[in-house]
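Report on the structure given below.
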Amino acid sequence: SAIGSSIFQVTGNSTFAGSITGTTATFSSASSPILETVATSTNNSSLRLRGSLSTLHYWDIQHVHSDNDLTFGWSGSEKLRIESSGNVGIGTTTPDMKIDVEDSSTTWAGRVLNTNAGGAGLLIRSDATNNASVLGVYGNGSYRMLVQANGKVGIGTTSPQQLLHINE
């Protein structure tokens, strides 16, 4: 039922088809779930979040019926997947391990970095061509160790000249 011009209220179990427009919608319940979307036996169940009336920019949270995965996407492009097995994929729709990050760019694909007092961390690069660094250990503003795609390891140098190059 509509009360005034801005409140939509349903008491009991109900089915609603259509749109609710306004600036705020609040759903509350004494028990879970508060908001539930249910799809047919062959469709996915989704929640779409838009910041404006634009149909071009939105986030989707989706339960994928065929494999019971949970996906997060931006404007129709999947960005993250949590498989029913527990594997998490970023940049892949088929994660092969607990955390699987895939990237086709030539920049660093992943980073674990402590930003406290100069920062130290681990960087992983997705570009393994032309002896590019594929693994870097970073600390106090510079690389402390690099592993290149050709197998050369540099400690204290960013351009190792042999398999193990140590520069003190």
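For the range 119-156, which positions are farther than 23 Å from S105 by Cα and at pLDDT 90 or above? Walk me through it before giving the result.
The initial filter retains those residues of the range 119-156 that are farther than 23 Å from S105 by Cα, namely 119-120, 139-141, 144, 154-156.
Result: G154, I155, G156.
Can you find a residue in the range 70-81 that is touching a Ser or Thr at 6+ places or on another chain (Cβ under 7 Å), part of a loop (DSSP other than H, G, I, E, B) and over 30 Å from R144 (Cβ atoms)? Within the range 70-81 (the criterion being touching a Ser or Thr at 6+ places or on another chain (Cβ under 7 Å), part of a loop (DSSP other than H, G, I, E, B) and over 30 Å from R144 (Cβ atoms)), the answer is no, since none of the residues qualifies. Across the range 130-168, the number of residues qualifying as touching a Phe, Trp or Tyr at 6+ places or on another chain (Cβ under 7 Å) and either farther than 17 Å from A120 by Cβ or buried (at least 16 other Cβ atoms within 10 Å of the Cβ) (or both) comes to 1.
Quick check on S41: is it loosely packed, with under 10 Cβ neighbours inside 10 Å, modelled with pLDDT of 90 or more and not aromatic (F, W, Y)? Full working, then the answer.
Numbers: loosely packed, with under 10 Cβ neighbours inside 10 Å: yes; modelled with pLDDT of 90 or more: no; not aromatic (F, W, Y): yes.
No; evaluated as a whole, the condition is false for this residue.
Can you tell me which residue is nearest to T37 (Cα to Cα) among those in the range 82-96 that are open to solvent by less than 60 Å² (accessible area, probe 1.4 Å), not in a strand (DSSP E or B) and not hydroxyl-bearing (S, T, Y)? Restricting to residues being open to solvent by less than 60 Å² (accessible area, probe 1.4 Å), not in a strand (DSSP E or B) and not hydroxyl-bearing (S, T, Y), the top hit is E83.
The values are calculated or read from the model by the stated rules, or taken from the named source; none is laboratory data. For clarity, every value in this text was computed on a predicted model and none was experimentally measured. Please note: Cβ atoms are built from the backbone with ideal geometry, for glycine as well, and neighbour counts cover all protein chains shown. Heads up: the accessible areas ignore ligands, DNA and RNA and are worked out on the full protein's heavy atoms, side chains in. Shrake-Rupley method; radii C 1.70, N 1.55, O 1.52, S 1.80 Å.
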